[in-house]
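Written below as C-alpha cells is the structure these notes are about.
The values are calculated or read from the model by the stated rules, or taken from the named source; none is laboratory data. Computed from a predicted model, the values in this text were never measured in an experiment. Neighbour counts run over all protein chains shown; Cβ positions are idealised from the backbone, glycine included.
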Amino acid sequence: MTSPVRVPPELVKRRLHDLAQHGKHGETGVWRPVYSEAWATAQDLVAAWLVEAGLDVRRDAVGNVWGRLEGSAGGPAIVTGSHIDSQLPGGRFDGALGIIGAVVAVATLRERCGRPRRTLEVVSFCEEEASRFPTASFWGSRAVIGGIGPDEAAAMRDLDGRGMIEAMAAVGLDAARIPEARRDKGDVDAFVELHIEQGPRLEAGGEPVGVVTAITGYRQYLVELRGRSTHAGAFPMAGRRDPMAGAAEIISGVIGNALRLGPPAVTTVGRLLIEPNARAVVPARVSFTIDARHPVEAGRGALLSAHEATINEVAARRSLDLTVRIDSDRAPCPCDQSLVATLAKAAAAVGGRPVPNLASGAVHDAQQMATLCPVAMLFVRSRDGLSHTPDEFSSLEDCVAGIETLATALHQLAY
C-alpha cells in the first residue's frame, strides 16, 4: 500500500508568499516577465531554496534553474518543476505553485528518506507565458528539448521593441549559447508537473486534486477578410461586400461548431482588428484570431475541419477575399499511462480516496518535454476556475494536498 508523504503547510505558505514578492503588482498580482529584474531576483530565490535543500544547483544557457539530487543507481533523472514567469499581470499560483511544490517535495524526501535510488531534479523554467516576447512561448522548455531555431533570438522583439538578445545579455546570458541548454533523451526519464487547474472542473466536483490524462492540442488562426469600404447610409445592403458582417457570421459559426461538438472542444475569438474603424463606414478589412482546442486528436480534427469549412463558405458566399494564416499548431499530448497510474495511487493515499482524471485545456511545459521523455501532470483546484489574473487563488490546504501527492509519487518513482 502506498504511504503518503506529508509536507509542512507553513513552509508552503511561506514559499508562496516570498516568491510573490518578486514582481508584486497590487495586492495579489504578480508581474514577472522573462529576463526582468523581478524575474532575475525570483530565480535567485529559487536557486537559494535549492541550495538550502542540499541539491546541486546550476543555471543553463537560457536561465533555467536546475537542482539535482543524485541517485545511488545513477541513470536518467526524474524531473519535476514548472515556470517562473507570469502573465502581465498574473497571479501568485500559475507556474509558481509547480516550482514551490517541486522544491518542497524533493527537499522533504531528501530530509526524511535520504539519498534516492534514482536521480531527482527540480527545474524552474525561465519562461512559458510569452507575456513579454509574443513569439517566445515555452522559451525555457523549448531550449531544453532543442526546439529553439538558430535565428529565433535575433528576430524577437518585446512589446517595447527591445530584442531578445539584448534582454538575455541584461541578465548575464549569451544568446549564442542557447543550444547548450539542450538535454538528451537518455538524460531524462520522466517529467512531472504540478499546476493549478485554470478551469472549474475540480471545484465543481468538490475535489482538491486531479490527475491529468492528456494536454490539449490546438490550432491558432489569423483570419483576414477583405471587402469594399462604402458609406454606411448611402450604399444599399444588397450590394455590399462587408467583411464585418462576414466576420460576425464566422465568429458565431466557429463558436457554434465547438458547442455542437461538445466538451472538451473549445474555441475562442480573442482579437479583432477593423480597418477603418469608423462608426459610419463599412470596413474594408477585418482580421481576427481563432484559437481552437481539443485534447483528443480525432476530436481536434473534427473541430478544425468544421471551422475551416465555415470560414471558406462564409467568405465565398459574401464575395470576400480571404487569407487564413496558421500561427501555431500542436497535436494533443497524452500523458504517460504508467505515470498517470502512479500519480493516481499517490493522490488516493494522500486524500484517502480516488481523485478524478481530467484533460488539460491549457498548454504547459510538460507538452514540450513530452518530445524528450514520458510526462504527467497534477492539477490543484482553482477558485472560480480563474488563472492568468491577480484573482487566481488556490487554498493552502489544496496546495499542500497537491504537493503531498507529488512528493508521494516521486517517492514511489525514485526510492
Query raised in the report: Taking segment 383-407 on its own, how many of its residues are within 23 Å of P334 (Cβ to Cβ) and in contact with a Ser or Thr (Cβ under 9 Å, 6 or more places away or on another chain)?
Result: 2
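Quick one: how many residues across segment 274-333 are free of Cβ contacts under 8 Å to residues at least 24 places away in the same chain and hydroxyl-bearing (S, T, Y)?
Pass one, segment 274-333, residues free of Cβ contacts under 8 Å to residues at least 24 places away in the same chain: 275, 277-278, 298, 301, 305, 308-309, 312-313, 316-317.
Retained after the next criterion (residues that are hydroxyl-bearing (S, T, Y)): 305.
Going through segment 274-333 one residue at a time, the tally reaches 1.
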Requested in this report: Would you be able to say whether some residue in segment 208-216 is more than 30 Å from D384 (Cα to Cα) and of a type in the set (A, V, I, L, M, F, W, C)?
Outcome: no
Report task. Output the residues belonging to segment 16-34 that are in a loop (DSSP other than H, G, I, E, B) and buried (at least 21 other Cβ atoms within 10 Å of the Cβ). Result -> H22, G23, R32, P33, V34
Requested in this report: Sort through A309, A302 and tell me the only one that's at pLDDT 95 or above, of a type in the set (A, V, I, L, M), under 30 Å from Q337 (Cβ atoms) and surrounded by fewer than 17 Cβ atoms within 10 Å (Cβ to Cβ).
Outcome: A302
Query raised in the report: Quick check, is S338 of a type in the set (G, A, S) and assigned by TED's automatic domain parsing to the domain that holds A366?
Result: yes
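Tell me, which residue of segment 324-356 that is in contact with a Phe, Trp or Tyr (Cβ under 8 Å, 6 or more places away or on another chain) and not basic (K, R) is surrounded by the most Cβ atoms within 10 Å (Cβ to Cβ)?
In the first step, residues of segment 324-356 are kept if they are in contact with a Phe, Trp or Tyr (Cβ under 8 Å, 6 or more places away or on another chain); the result is 324-330.
Retained after the next criterion (residues that are not basic (K, R)): 324, 326-329.
On the way: V324: 15, I326: 11, D327: 12, S328: 12, D329: 13.
Checking each candidate, the answer is V324.
Considering every residue within segment 147-162, establish whether at least one is among the small types (G, A, S), surrounded by fewer than 20 Cβ atoms within 10 Å (Cβ to Cβ) and assigned to a helix (DSSP H, G or I).
Going residue by residue through segment 147-162, those that are among the small types (G, A, S) are 147, 149, 153-155, 161.
Next, from what is left, pick out any that are surrounded by fewer than 20 Cβ atoms within 10 Å (Cβ to Cβ): 147, 149, 154-155, 161.
Still in the running and assigned to a helix (DSSP H, G or I): 154-155.
Checked against the condition, which is being among the small types (G, A, S), surrounded by fewer than 20 Cβ atoms within 10 Å (Cβ to Cβ) and assigned to a helix (DSSP H, G or I), segment 147-162 yields at least one hit.
If you check R381, R285, R325, R353, which single one turns out to be touching a Leu at 6+ places or on another chain (Cβ under 8 Å), in the same structural domain as C126 (by TED's automatic domain parsing) and of a type in the set (D, E, K, R)? Give the steps one after another, and end with the answer.
Numbers: R285 fails: in the same structural domain as C126 (by TED's automatic domain parsing); R325 fails: in the same structural domain as C126 (by TED's automatic domain parsing); R353 fails: touching a Leu at 6+ places or on another chain (Cβ under 8 Å).
Result: R381 is the single residue among R381, R285, R325, R353 that is touching a Leu at 6+ places or on another chain (Cβ under 8 Å), in the same structural domain as C126 (by TED's automatic domain parsing) and of a type in the set (D, E, K, R).
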**Report entry** Within segment 35-75, considering residues that are assigned to a strand (DSSP E or B) and among the charged types (D, E, K, R), the one farthest from the chain's Cα centre (by Cα)
**Finding:** D56
Query raised in the report: Considering only residues of segment 51-95 that are touching a Lys or Arg at 6+ places or on another chain (Cβ under 7 Å) and polar (S, T, N, Q), which is surrounded by the most Cβ atoms within 10 Å (Cβ to Cβ)?
Result: S86
Query raised in the report: Quick one: would you say G246 is in a helix (DSSP H, G or I), in the same structural domain as R325 (by TED's automatic domain parsing) and touching a residue at least 60 places away in the same chain (Cβ under 8 Å)?
Result: yes
Requested in this report: Please list, ordered by first then second residue, the pairs with beta carbon atoms under 6 Å, 6 or more apart or interchain, first in segment 387-415 and within 13 Å of L339 (Cα to Cα), second hydroxyl-bearing (S, T, Y) and at pLDDT 95 or above.
Outcome: A409/T342; Q412/T342
